[in-house]
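Contents: one structure, followed by commentary.
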Amino acid sequence: MSKRIDRVNQLIKQTLSKLILKELDFEKNILVTLTRVKTASDLSKTSVFISVMPEEKIELVLRSLNRNIYHLQQKINKKLVMKRVPKIIFKPETKTAEADRIEKLLDELKNKGKTDNIQTEE
């Protein structure tokens, strides 16, 4: 990935984070995090990955973001000084859930290894 795309990703993530914080109201006890931004090399579109706590509320948050996407896109277009501002697409973050699952599996293996060692010592 080029340095230019990296800078665009950072800029979009930073700007969009501030906009969502100021412009949108989510239910109480919902935490929305923009985990990463992935922009196409031709700057045609950018995928914004979000993580939501509690995870059951992801669909509610995605609906809210997509309902307000035109408004957010217009604000981004005005704030960013770029020849071409990519079209925003919101997606749920799957890598954090995947990493959590792998971590649990590793813990299970670690705990199983400890019990196996105790049994062989006896």
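The values are calculated or read from the model by the stated rules, or taken from the named source; none is laboratory data. Treat the numbers as computed from the prediction; the structure is a model and nothing was measured. When we count neighbours, we look across all protein chains shown, and the Cβ atoms used for this are built from the backbone with ideal geometry, even at glycine.
So which residues in region 4-19 are of a type in the set (S, T, N, Q) and surrounded by 15 or more Cβ atoms within 10 Å (Cβ to Cβ)?
Asn9, Thr15, Ser17, listed by residue number.
Quick one: which of Arg7, Arg36 is modelled with pLDDT of 90 or more and over 15 Å from the mean Cα position of the chain (by Cα)?
Answer to the check: Arg7.
Restricting the first residue to region 54-70 and requiring it to be farther than 14 Å from Asp25 by Cβ, which pairs with a second residue that is of a type in the set (Val, Ile, Thr) meet a Cβ separation below 7 Å and a spacing of at least six or different chains?
Within 7 Å, the pairs are Ile58/Val52; Ile69/Ile88.
Can you tell me which residue in region 71-106 is modelled with the highest pLDDT, limited to those that are over 20 Å from Phe26 (Cβ atoms) and among the β-branched types (Val, Ile, Thr)?
Val85
Show the residue pairs that are 6+ apart or on different chains and have beta-carbon atoms under 7 Å apart, the first residue being within region 81-104 and part of a loop (DSSP other than H, G, I, E, B), the second being aliphatic (A, V, I, L, M).
As it stands, the answer is Arg84/Leu43; Val85/Ile76; Pro86/Ala40; Pro86/Leu43; Glu93/Ile50, since those pairs meet every condition given.
If I ask for residues that are surrounded by 13 or more Cβ atoms within 10 Å (Cβ to Cβ), part of a strand (DSSP E or B) and not hydroxyl-bearing (Ser, Thr, Tyr), which ones from region 20-40 would you list?
Val32, Leu34, Arg36, Val37, Lys38
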